[in-house]
1. Starting from the Cα of Asp267, step 7 Å along the direction of its Cβ; do the same at Arg282; then give the gap between the two resulting points in nm.
2. Counting pairs of alpha carbon atoms under 8 Å apart in space and at least six apart in sequence, what relative contact order in percent does region 223-368 give?
3. If the elastic network links every pair of Cα atoms under 10 Å, which of Ala184, Ala152, Ala97 fluctuates the most in the Gaussian network model of the chain?
4. Over region 45-110, what is the mean sequence separation of C-alpha contacts under 8 Å (at least six apart), divided by residue count, expressed as relative contact order in percent?
5. Where a Cα-Cα gap under 19 Å defines reach, which lysines qualify for Lys255, not counting those fewer than 8 residues away within the same chain?
6. Let me check against my output: what whole-number percent is the relative contact order of the chain, with C-alpha pairs under 8 Å and at least 6 apart?
7. Count the net charge of all other residues whose Cβ sits under 9 Å from the Cβ of Arg34, scoring Lys and Arg as +1 and Asp and Glu as -1.
8. Charges at C-beta only: +1 for Lys and Arg, -1 for Asp and Glu. How large is the resulting dipole of the chain about its Cα centre, in Debye rounded to 20?
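Read-outs: derived from the displayed coordinates by stated rules, not from any lab. Bear in mind that the values here come from a model prediction, so they are computed numbers and not experimental data. Because the Cβ atoms are built from the backbone with ideal geometry, glycine has one as well, and the counts that use them run over all protein chains shown.
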Amino acid sequence: MMMYGVIVAALVACAIASAFQAVAVVADVRMQNRAAAAVRDGNALTSGLERAETSQRGFLLTGDQAYLDPFENGKRQALASLQSLTTSLQRPQQRTALSQIEADLKDKLGELDLTITLERQGDHPGAMRVVRTNSGKAAMDRIRLRIAGITAECENKRIAALQDETFRVKLTSYAFVGLLLSVAALLAFATTMQMKAFAGLLRGNARISRAAYRDSLTGLPNRRDFERKLNELERWGKYAKSPVTALFIDLNGFKSVNDTLGHATGDTLLRQISGALRQVTRSGDTLARVGGDEFVVIAPGLGKREQIDQLCERLLSAVRPIELEFASIGLSIGVATRKAPDETLERLVQRADIAMYEAKRSGGGYRFSQEDEGTAFA
């Protein structure tokens, strides 16, 4: 009878401990979800603002009103993401940072609107003078820095919550294991279920971590992961003494497909294009989706003109079967090769981006950056 009482008392104690740990685990999961949502909102704010900035840049370079199509969408995305962050983040330091981000966002959007207005009025020199004040760039840099601080804080909280969750789940498992000898069958079942739940939580958190660095539509690295990889390459200096080639790829005709055939068809097209590009890039290359219809390839060690031409032709050839289904689409590729070790990879990608617009104005295909045209390749 005493042993029975001990077993019952142990079971009650285990149930209470398990309930307590379950409540704590639920709180940890909620914290992880809030942190992941804040990270997504921060990324959406910067990507929306970058989309608006890219739209303005294309308009200033070409004077073509079609480049302004994504401008308002980018603005709305940035403002909506800021509102979401303002609703979810309540700590005083976070509120202060959000107030500063709101002010910088207002300045940046004001600068974009002003330059577009001047360009529409035919005052291109005036628009360029506004750009050269670098006030918009400074505001953008501050926004990126503060968003990075907020997302880093949220990521740290998510990791801490995951660690606490893991610790508490282990404690619960140990409590059940302690009763194994007295209630073997019951505890064997409970332990099995507990470990399954634990494994599911780990898989869920692994998916959240992967989602933060992956484009959900194509499975390619997203802009955040792409920038992280660029920083790693710069920090390690792995390719400092060898050439690196950047290819900025824009999908021509994507907006027309979206408008005429619908967004579901547009998503299918993006997945097909991503798969085709992935098949023809080299194993050591980095292929990322950095915008709605924009991709970037970083090709370390690629410096010979013949090799670059071959890669560009492979990329163009890879999408030709898709062009049979979507007749209005094609690729515009901008190419830039780094041969000076002091040129940053960020600057290299910017040169490739500018060359892409040249290719787009020429009707597609690929074009080299002005700095690379007419120069000898390694």
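1. So the label points at Asp267 and Arg282 sit 3.5 nm apart.
2. 33
3. Result for the chain, Cα springs under 10 Å: Ala184 fluctuates most.
4. Dividing the mean separation by the residue count of region 45-110 yields 31 percent.
5. Here the lysines satisfying the reach criterion relative to Lys255 are Lys75, Lys360.
6. Relative contact order of the chain: 14 percent.
7. Cβ neighbours under 9 Å give a net charge of +3.
8. Dipole of the chain, to the nearest 20 debye: 1120 debye.
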